[in-house]
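Taking it in order: structure first as structure tokens, then the write-up.
The values are calculated or read from the model by the stated rules, or taken from the named source; none is laboratory data. Here the structure is a predicted model, which means the values were calculated and not measured. Cβ sites come from the backbone with ideal geometry, for glycine too, and all protein chains shown count toward neighbours. Only protein heavy atoms, including side chains, enter the accessible area calculation; ligands, DNA and RNA are left aside. Shrake-Rupley method; radii C 1.70, N 1.55, O 1.52, S 1.80 Å.
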Amino acid sequence: MTRYNCVVAMVEAIDDERFAGRVARRIAERTIVRRLIVKRACLGMSIEDVARKIGCRVSRVKGIEAGVDAELTVKDLRDYARAVGIEKLVLTV
């Protein structure tokens, strides 16, 4: 059995360019969302903790975390970032 050090390496080893391309695009589409989730996890916060700080339902936080960056509203991004202690956001293109 081959062991891979990351999902990207595993996907690249699959002989299906369409599938590999879809996975690569999905990973690229979730850069901001992924960073917010990592920040939450590093702080030891649960989804429930973030929802409580934002003042919303857990389902909203789950939706943010399950989505892609393009679906984020400015309000969602601001609220989630503040809930995990990020006061200043700098986004580069």
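Going by a ≥ b ≥ c, the root eigenvalues of the Cα gyration tensor, does the stretch 24-68 fall in the rounded group (a/c under 1.5), the prolate group (a/b larger than b/c) or the oblate group?
oblate
So for the chain, taking the charge dipole from beta-carbon charges (+1 Lys/Arg, -1 Asp/Glu), which of Val58, Leu36, Ala24 sits furthest toward the positive end?
Val58
Could you give the nm distance between label points at Glu87 and Glu17, where each point is 7 Å from its Cα heading toward the beta carbon?
Simple spin-label model gives 5.0 nm for this pair.
Rounding to the nearest 20 debye, state how big the charge dipole of the chain is about its Cα centre with +1 on each Lys and Arg Cβ and -1 on each Asp and Glu Cβ.
420 debye
As a test of reading the structure, rank Arg40, Arg52, Arg22, Arg3 by solvent-accessible area (1.4 Å probe, protein chains only), most first.
The ranking, largest first, comes out as Arg3, Arg52, Arg22, Arg40.
Per-residue ellipticity at 222 nm for the chain, helices alone: DSSP H runs ≥ 4 residues times -39500 (n - 2.57), over residue total, nearest 500 deg cm²/dmol?
Result for the chain, helices only: -18500 deg cm²/dmol.
Let me know the volume per residue of the alpha-carbon convex hull for the chain, in Å³.
133 Å³
Before anything else, pin down the relative contact order of the chain: Cα pairs under 8 Å, at least 6 apart, normalised by residue count, whole percent.
Computed over the chain, the figure is 27 percent.
Kindly sort Asp76, Asp16 by accessible area of their heavy atoms, largest first, with the probe set to 1.4 Å.
Asp16, Asp76
Whenever you get a sec, compute what percent of the accessible area on the chain sits on carbon and sulfur atoms (1.4 Å probe).
Exposed carbon and sulfur together represent 55 percent of the surface.
At Ile47 and Glu29, where each label point lies 7 Å from the Cα along Cα→Cβ, what is the point-to-point distance in nanometres?
1.9 nm
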